[in-house]
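The values are calculated or read from the model by the stated rules, or taken from the named source; none is laboratory data. The model shown is predicted, which means the values in this text are computed figures rather than measured ones. We place every Cβ from the backbone using ideal geometry, glycine too, and count neighbours over all the protein chains shown.
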Amino acid sequence: MTKASDLLVAALENEGVDRIFGVPGEENLDVVESLRRSRIELVLTRHEQPAAFMAATHGRLTGRPGVCLSTLGPGALNLVTGAAYAHLGAMPMVMLTGQKGILSSRQARFQIVDIVSTMRPLTKLTRQIVAAATIPTLVRDAFRVAQEERPGPVHLELPEDIAAEEVADPQPLIPPHPVEIPVAHRAALDRAAEMILRAERPLVMLGAAASRPRATAGLAGFVRRTRIPFFTTQMGKGTVPGGTHLYMGTAALSERDYVHEAIERADLILAIGHDTIEKPPFLMGPGGPQVIHVSYTPAHVEQVYFPHAEVIGDVGPSLELLADRIEGRLHRAGALLPLREGILARIADRATEDRFPVTPQRLVHDVRQVIPEDGIVALDNGMYKIWFARNYRTTVANTLLLDNALATMGAGLPSAMMAAMLHPDRRVLAVCGDGGFMMNSQEMETAVRLGLNLVVLLLVDNAYGMIRWKQSVDHFPDYGMTFGNPDFVRYAEAYGATGHRIEAVDALIPTLEAAFRAGGVHLVAVPVDYAENKRVLVDELAAHLPVAGT
């Protein structure tokens with residue numbers, strides 16, 4: 001006889017799962033025992049939300065669903081933000097939650113919440129397992145649905161009495177098989193090629209879906225063969241390797257930044273992998289450029305994004321076919337390149353300024369000095385995200401992990417922890433504001449317990465800095481955004497990590513270098529001067545262009 005929980009764990013092993021993140025409850029105890037006897041590691045976290053962030057980041061970095069686990073009711077509800085994070089960010093993930101028995105109700109309605117209905121708008125699929133015999137097919141379908149385009153989260157609920165059920169003759173496990181995505185239709189490729197060949201000032205944009213692990217090789221080849229300059233969205237950074245000298249910048253704002261000089265002069269934009277879940281990198285309107293949408297799935301037509309043509313299919317191979325049609329025939333491919341030097345020079349302005357507390361420009365500059373090309377920086381959400389998006393140059397895909405979709409606070413540390421687990425040979429840095437860090441700072445204990453090599457760069461301004469800046473820009477009084485903080489050095493040490501306090505601008509690089517060389521978990525607290533937010537992102541851009549945009 002095989003217990004249903006054993007069948008579930010065997011099905012997860014069949015999918016290649018090696019870790020599950022979460023906080024079990026009594027409704028999961030059969031599953032926990034099955035995990036104990038399996039090849040899968042249970043990574044116990046201190047809260048369910050970061051477990052979901054870690055599972056989602058696994059999906060983002062590998063293309064294979066990460067898995068997280070919680071109990072019923074309050075535990076399952078703590079996965080909700082992580083579900084939305086994966087859903088908006090297109091990260092494959094499978095969530096497993098427990099539930100009271102469904103064949104009897106000995107505890108009446110104690111702790112019972114309808115989690116299947118709760119998860120329905122936040123997932124691609126949500127199901128309660130009502131019979132042990134269905135587990136092999138349900139698990140196979142869950143992983144298939146989570147991984148297929150557009151990727152995202154899937155939820156399975158396993159009641160405790162079903163988990164304990166004995167199965168006399170279980171269904172055989174279903175071996176996973178690769179599923180190839182069709183390439184774009186010939187007519188769509190011909191139409192796009194004609195539009196590009198007619199363009200006087202073409203420009204490529206690389207969006208969030210361009211960073212899928214399967215896409216980056218085809219993207220690099222397309223840019224190399226066509227020589228069309230490109231810019232990226234925040235989540236599309238690093239999708240084309242360096243050395244092309246065609247990078248025009250990153251759209252950290254929606255309009256009126258320096259990179260928008262090129263965007264506004266373009267008469268055609270090839271938007272590769274753009275997902276309108278991401279904050280708009282540019283705003284379409286009357287008289288603007290023609291836009292060709294190239295992605296795995298059709299465009300979502302929005303007020304600010306309504307493409308004139310679409311190339312739908314597996315992005316990498318489809319771009320190879322498109323390049324075949326236009327390579328060597330684009331005599332005006334580099335028309336916008338003369339703008340490049342000026343755009344990048346202005347973005348790099350004041351990058352080595354010696355002011356203390358540290359300015360955002362100097363912070364980004366110094367981080368880039370200590371992180372190698374394949375090193376990973378995972379950002380939480382705050383004002384610094386705009387500065388890293390604008391100023392931090394990337395040449396390798398998925399080496400700057402930021403969330404420009406849900407844009408939730410609290411995800412930076414768990415995302416960095418997952419990156420450190422997947423890539424123990426690389427330098428991994430979490431960059432967090434003091435507000436976002438304290439939302440999931442308890443996971444420092446998890447990082448230490450797991451023996452991770454991880455450095456957390458903590459930016460201290462004693463406030464919810466981005467909202468405080470928006471408050472100022474909108475001419476509201478400064479109110480309700482400031483708070484106190486613990487002694488972060490002692491706080492880190494209390495978890496068994498090593499704490500550092502930066503007290504001079506020239507101490508940041510050597511402190512980060514020493515932390516990486518020492519190994520283990522380090523927290524480096526540095527005060528940050530956000531006065532540059534208004535000077536650069538409001539006043540300077542207002543002087544450069546008619547109206548300042550955010």
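What to note about this one:
- Every condition in (1) surrounded by fewer than 24 Cβ atoms within 10 Å (Cβ to Cβ); (2) over 25 Å from the mean Cα position of the chain (by Cα); (3) touching a residue at least 60 places away in the same chain (Cβ under 8 Å) is met by LEU8 except one, and the failing one is (1).
- Scan of region 298-319 for residues that are surrounded by fewer than 16 Cβ atoms within 10 Å (Cβ to Cβ), more than 25 Å from TYR258 (Cβ to Cβ) and either touching a strand residue (DSSP E or B) at 6+ places or on another chain (Cβ under 8 Å) or of a type in the set (Asp, Glu) (or both), ordered by number: PRO298, PHE306, HIS308
- Restricting region 18-34 to residues that are of a type in the set (A, V, I, L, M) and surrounded by 23 or more Cβ atoms within 10 Å (Cβ to Cβ), the residue that is nearest to PRO65 (Cα to Cα) is ILE20.
- Residue match in region 405-420 (condition: within 20 Å of TYR530 (Cβ to Cβ), hydrophobic (A, V, I, L, M, F, W, C) and surrounded by fewer than 24 Cβ atoms within 10 Å (Cβ to Cβ)): yes
- Matching residues in region 64-85 - criterion: being under 21 Å from GLU148 (Cα atoms), of a type in the set (Gly, Ala, Ser) and either modelled with pLDDT under 95 or touching a Gly at 6+ places or on another chain (Cβ under 6 Å) (or both): GLY66
- Just so you know, in region 243-291 the residues that are among the small types (Gly, Ala, Ser), buried (at least 20 other Cβ atoms within 10 Å of the Cβ) and within 20 Å of TYR392 (Cα to Cα) include one that is modelled with the lowest pLDDT, and it is ALA252.
- Search result, residues across region 477-513 that are closer than 19 Å to HIS365 by Cα and in contact with a His (Cβ under 8 Å, 6 or more places away or on another chain): THR511
Let's see how each residue does on (1) at negative phi; (2) surrounded by fewer than 23 Cβ atoms within 10 Å (Cβ to Cβ); (3) more than 28 Å from the chain's Cα centre (by Cα):
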{"residue": "PRO159", "(1), (2), (3)": "yes, yes, yes"}
{"residue": "ILE162", "(1), (2), (3)": "yes, no, yes"}
{"residue": "VAL179", "(1), (2), (3)": "yes, yes, no"}
{"residue": "PRO229", "(1), (2), (3)": "yes, no, no"}
{"residue": "GLN234", "(1), (2), (3)": "yes, no, no"}
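- Failed item, numbered, when GLY435 is tested on (1) in a loop (DSSP other than H, G, I, E, B); (2) touching a residue at least 24 places away in the same chain (Cβ under 8 Å): (1)
- Contacts under 7 angstrom Cβ, first residue in region 467-485 being without any contact (Cβ under 8 Å) to a residue 24 or more places away in the chain and within 22 Å of MET438 (Cα to Cα), partner surrounded by 12 or more Cβ atoms within 10 Å (Cβ to Cβ) and aromatic (Phe, Trp, Tyr), 6 or more apart: MET481/TYR464
- Filtered by the rule that a residue be at pLDDT below 95 and either within 29 Å of ALA217 (Cβ to Cβ) or in a loop (DSSP other than H, G, I, E, B) (or both), region 349-372 gives ASP349, ARG350, ALA351, THR352, GLU353, ASP354, ARG355, PHE356, PRO357, THR359.
- Any hit, region 425-446, residues being out of contact with any Leu (no Cβ under 6 Å at 6 or more places or on another chain), under 25 Å from LEU253 (Cβ atoms), small (Gly, Ala, Ser) and surrounded by 22 or more Cβ atoms within 10 Å (Cβ to Cβ): yes
- Given (1) under 27 Å from GLN171 (Cβ atoms); (2) surrounded by 20 or more Cβ atoms within 10 Å (Cβ to Cβ), number of the condition VAL130 does not satisfy: (2)
- Criterion (of a type in the set (Val, Ile, Thr) and within 24 Å of LEU88 (Cα to Cα)) met by exactly one of VAL223, VAL240, VAL259: VAL240
- Qualifying position, being at positive phi and modelled with pLDDT of 95 or more, among ALA90, ALA108, ALA188: ALA90
- For VAL94: the one exception among (1) farther than 21 Å from ALA447 by Cβ; (2) outside any strand (DSSP E or B); (3) among the hydrophobic types (A, V, I, L, M, F, W, C): (2)
- Whichever residue in region 113-127 is under 29 Å from PRO170 (Cα atoms) and not polar (S, T, N, Q) and, among such residues, is nearest to the chain's Cα centre (by Cα): LYS124
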